[in-house]
Each structure stands twice: as C-alpha cells, then as structure tokens.
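A.B. asks: Following this message is one structure expressed as structure tokens.
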Amino acid sequence: MKKVVISIVLVNLLAACASEKPKETASAPAPITESKTVSTAPVTAPAPASSSSSSSTPPSAPAVDPLNDPQKYPLLARRSFYYALDSSVVQDADKAALQAHAIYLSEHPNRKIRLEGNCDERGSNEYNLGLGQRRADGVRKLLELGGAKPGQIESVSYGEEKPKSTAHDETGWAQNRRTDLMYAR
C-alpha cells in the first residue's frame, strides 16, 4: 500500500517538474487511467492561447472544467467508492479515480468536497457510524496524499441512514457500503 502511494506521488512530482507540457493527440483513447493526463492539458492550455491571440479559437473555447465533461474525463465522473463487508480499505480499482480527483482539487484550490461514508443496514448504529467515518477518512487521506489541501475536504458519516438500495440482500447491501464524493457548488 505504501509503495503504491509513494509511486503515485513520485509520478505526480515528476509530471509537475516537466518543463514542457505534453501535447494531447486526437487519437488517444478516452478512458486513460493516468490521472496526470486527466486534468493538466485542458485546464491550463486554453488560458495562454486566449491571452496571446484569438484568431484560431472561437470565443466559446475557454477552459473546460473536467468535472463537466464525463465523456472525456471518466475518472472524474466516478463519485462513489465501494467496500467489502466490514472494511474501510479503499480498493485498488478506485485509486486511479481518487488520484484524478486529488489532482483536480490541487489545481482548483477554491473547490471543496464532502466525503460521505455509508454502510449497509447490518450492525449497530454506533458501529455503522464509526465504520462510515473510517471509510470517509480513508478516502480523505488518499486525496491529501495526492495533493488536495485538508481545508478543501470535509468528511462525514451517515452510517446506514442514506442507502442507495433498499433491498435486503447482498446486492443491495453492496451498493450501500460506499463513500460518496460530493463537490460543493
């Protein structure tokens, strides 16, 4: 776990130190899992072009917020992260999306998020509130390691109070064991 986090941080540091931004090609596939390509080019590239010359770009070409383009930035469209029974460990499959959100937050320091930890209906209220908080705090730690500032993140636990599914079976319970990432407007 530590090796994965350290390698992600090192990759991001190397990408941040690059003297020249890589050009994005039109033939690149949309679901790229490298989070550093998710937000750097579209957010920063249009600003210099609009200040130096407006002959080739129409006035409707300002920087596109990656949160509003789920087709091009599918990792930022993921806002729910699921867990195994009685676990608060973030799954490896979710780490790329969380890294993309961390980079987005580090590049947009005025944006804030709320992490909502949730549980299924099994277990006592106290246990579920504690487990939901551990889940939200685990996501918070990964976001902070990825570059988000602590002041941008609020983490809360709803325990079993906000289920996605009302089914009383494993399929329904699996949908309720999650942390939701909510951007503030």
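The values are calculated or read from the model by the stated rules, or taken from the named source; none is laboratory data. All of these numbers come straight from a predicted model, not from anything done at the bench. Heads up, the Cβs are rebuilt from the backbone with ideal geometry, glycines too, and the neighbour counts pull from every protein chain shown.
A.B. asks: Run GLY123 past the list (1) at pLDDT 95 or above; (2) buried (at least 16 other Cβ atoms within 10 Å of the Cβ); (3) assigned to a loop (DSSP other than H, G, I, E, B); (4) over 13 Å from the mean Cα position of the chain (by Cα) and report the number of the one that doesn't hold.
C.D. replies: Every listed condition holds for GLY123 apart from (1).
A.B. asks: Within segment 88-122, take every residue that is polar (S, T, N, Q) and without any contact (Cβ under 8 Å) to a residue 60 or more places away in the chain and give me the one that is nearest to GLU144 (Cα to Cα).
C.D. replies: SER106
A.B. asks: Can I ask one more? Hey, among LEU98, LEU105, LEU143, which residue is touching a His at 6+ places or on another chain (Cβ under 8 Å) and closer than 22 Å to PRO70 by Cα?
C.D. replies: Sole residue among the options that is touching a His at 6+ places or on another chain (Cβ under 8 Å) and closer than 22 Å to PRO70 by Cα: LEU143.
A.B. asks: Any residue at all in segment 154-172 that's in contact with a Lys or Arg (Cβ under 8 Å, 6 or more places away or on another chain), among the polar types (S, T, N, Q) and under 18 Å from LEU75 (Cβ atoms)?
C.D. replies: No, every residue in segment 154-172 fails to be in contact with a Lys or Arg (Cβ under 8 Å, 6 or more places away or on another chain), among the polar types (S, T, N, Q) and under 18 Å from LEU75 (Cβ atoms).
A.B. asks: Being in contact (Cβ under 8 Å) with a residue 24 or more places away in the chain and either of a type in the set (Phe, Trp, Tyr) or surrounded by 24 or more Cβ atoms within 10 Å (Cβ to Cβ) (or both) is the filter here, so list the residues in segment 126-135 that pass it.
C.D. replies: Within segment 126-135, GLY132, ARG135 qualify.
A.B. asks: Return yes or no: is SER106 part of a loop (DSSP other than H, G, I, E, B) and either surrounded by fewer than 19 Cβ atoms within 10 Å (Cβ to Cβ) or of a type outside the set (Phe, Trp, Tyr) (or both)?
C.D. replies: Here the answer is no, as SER106 does not meet what is asked.
A.B. asks: Give the residues of segment 145-169 that are of a type in the set (Asp, Glu), part of a loop (DSSP other than H, G, I, E, B) and either under 14 Å from ASP180 (Cβ atoms) or in contact with an Asp or Glu (Cβ under 9 Å, 6 or more places away or on another chain) (or both), sorted by residue number.
C.D. replies: Selection gives GLU160, GLU161.
A.B. asks: Given the condition of a type in the set (Lys, Arg) and at pLDDT 95 or above, answer yes or no: does some residue in segment 65-73 qualify?
C.D. replies: Checked segment 65-73: no residue is of a type in the set (Lys, Arg) and at pLDDT 95 or above.
A.B. asks: Being under 10 Å from the mean Cα position of the chain (by Cα), closer than 18 Å to SER106 by Cα and outside any helix (DSSP H, G or I) is the filter here; which residues of segment 70-84 pass it?
C.D. replies: Those that are under 10 Å from the mean Cα position of the chain (by Cα), closer than 18 Å to SER106 by Cα and outside any helix (DSSP H, G or I): ARG78, ARG79.
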